[in-house]
Amino acid sequence: MQPSGHPHDDPAGDVVRWAAFSCLLVPVVLVVYGTSFGGAAVATLGLFVVTAACLALLRHSERTAARVRAQERLPSAHRRRRSRGGPAGRRGCRTSESAPPHD
């Protein structure tokens, strides 16, 4: 069982659910305290736009982090093959020993 009590661990989803709850609660509070329905509707629309943008950024961040973690788990032989380490002759570099003599 998860410590948070959720069947899945989705921190971004939790943030978005709280934001959606706030998007519904804020206009009610605004109307109760005397703001017009039009003003409350505009505030609600603005909150929904900000929430949607944050959701998109959170999901993009999660995908990027997952991609980085996947690259870190690559086999070490794959990383070695692409590295620039090793003897100079194997990298295609010429050393003073392999250079032709100059006249």
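Laboratory data are not the source of any read-out in this text; all were calculated from the coordinates shown. Please read these numbers as outputs of a predicted model, since none were measured by experiment. We place every Cβ from the backbone using ideal geometry, glycine too, and count neighbours over all the protein chains shown.
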* Asked: So what are the ³J(HN,Hα) numbers for segment 45-59, from phi and the Karplus equation (6.51, -1.76, 1.60; θ = phi - 60°), rounded to whole Hz, Gly and Pro as x?
  -> 4, x, 5, 5, 5, 5, 4, 5, 5, 5, 4, 4, 5, 5, 5
* Taking 0.36 nm per residue of separation and subtracting the Cα-Cα distance, what length does fully extending S36 through L57 add? -> 4.4 nm
* Asked: Local charge sum around A12 (other residues, Cβ-Cβ under 12 Å, Lys/Arg +1, Asp/Glu -1)?
  -> -1
* **Cα→Cβ-extended label distance, 7 Å offset, between L45 and R69, nm** => 3.9
